[in-house]
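The values are calculated or read from the model by the stated rules, or taken from the named source; none is laboratory data. Computed from a predicted model, the values in this text were never measured in an experiment. Quick reminder, even Gly has a Cβ in these numbers, built from the backbone with ideal geometry, and neighbours come from all protein chains shown. Ligands, DNA and RNA are excluded from the accessible area calculation, which covers all protein heavy atoms including side chains. Shrake-Rupley method; radii C 1.70, N 1.55, O 1.52, S 1.80 Å.
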Amino acid sequence: MRDQSFPKAFRLLNREEFKRVYARGKKVVGCYVLIHALPNQMGHPRLGITVTKKSGKAVVRNRWKRLIREIFRRNREAFPPVDMVVTVRRGVEPPSYWDLERDMLSLARRL
């Protein structure tokens with residue numbers, strides 16, 4: 001059975017890392033999210049998530065984050081070795097897990 005965890009080594013942890021990805025990374029836009037990605041030297045992808053208050057109340061924002069983390073955790077090998085910040089598009093309701101997974105995996109192929 002493969003590892004089902006989401007350790008700190010796979011996360012962007014501080015503001016400077018997010019800012020570096022925004023400043024120098026490539027941006028790809030999907031139906032539900034947009035991804036800023038910057039190649040890293042770690043050999044595995046790292047994830048950061050931003051969901052603004054314009055996306056909804058805390059319950060909705062937390063739902064988005066749970067969905068995105070779970071998709072990343074289950075499909076980690078589908079993402080290239082990049083630092084990526086996933087940003088929820090404004091005014092979009094949280095889709096089903098499967099719709100969001102399809103969107104994120106199509107964006108991963110474009111990175």
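Restrict the check to segment 8-20 and report whether at least one residue is open to solvent by 70 Å² or more (accessible area, probe 1.4 Å) and in contact (Cβ under 8 Å) with a residue 40 or more places away in the chain.
There is at least one residue in segment 8-20 that is open to solvent by 70 Å² or more (accessible area, probe 1.4 Å) and in contact (Cβ under 8 Å) with a residue 40 or more places away in the chain.
For Gln4, only one of the following conditions fails: (1) polar (S, T, N, Q); (2) touching a residue at least 60 places away in the same chain (Cβ under 8 Å); (3) surrounded by 15 or more Cβ atoms within 10 Å (Cβ to Cβ). What is its number?
(3)
Going by what's in this entry, would Pro95 be described as more than 14 Å from the chain's Cα centre (by Cα) and either in a loop (DSSP other than H, G, I, E, B) or not aliphatic (A, V, I, L, M) (or both)? Let's see the steps before the verdict.
Details: more than 14 Å from the chain's Cα centre (by Cα): yes; either in a loop (DSSP other than H, G, I, E, B) or not aliphatic (A, V, I, L, M) (or both): yes.
So Pro95 fits the description; yes.
So that you can scan it fast, the table gives a plain yes or no per residue for (1) among the hydrophobic types (A, V, I, L, M, F, W, C); (2) within 14 Å of Met104 (Cβ to Cβ); (3) part of a strand (DSSP E or B):
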| position | (1), (2), (3) |
| --- | --- |
| Ser5 | no, no, no |
| Leu13 | yes, no, no |
| Lys19 | no, no, no |
| Ala23 | yes, no, no |
| Cys31 | yes, yes, no |
| His36 | no, yes, yes |
| Ile49 | yes, yes, yes |
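Among the numbered criteria (1) open to solvent by less than 20 Å² (accessible area, probe 1.4 Å); (2) touching a strand residue (DSSP E or B) at 6+ places or on another chain (Cβ under 7 Å); (3) among the hydrophobic types (A, V, I, L, M, F, W, C), which one does Leu67 miss?
If we test Leu67 against (1) open to solvent by less than 20 Å² (accessible area, probe 1.4 Å); (2) touching a strand residue (DSSP E or B) at 6+ places or on another chain (Cβ under 7 Å); (3) among the hydrophobic types (A, V, I, L, M, F, W, C), just (2) comes out false.
If I go through segment 83-98 residue by residue, how many of them are closer than 25 Å to Gly25 by Cα and open to solvent by 50 Å² or more (accessible area, probe 1.4 Å)?
Looking only at that region, the number is 3.
So Ser55 passes all but one of these: (1) buried (at least 17 other Cβ atoms within 10 Å of the Cβ); (2) modelled with pLDDT of 95 or more. Which condition number does it fail?
Just one mismatch for Ser55, condition (2).
Can you tell me which residue among Val60, Val28 is closer than 22 Å to Asp103 by Cβ, within 14 Å of the chain's Cα centre (by Cα), surrounded by 12 or more Cβ atoms within 10 Å (Cβ to Cβ) and of a type in the set (Val, Ile, Thr)? Please lay out each step first, then the result.
On the way: Val60 fails: within 14 Å of the chain's Cα centre (by Cα).
Every option except Val28 fails the conditions.
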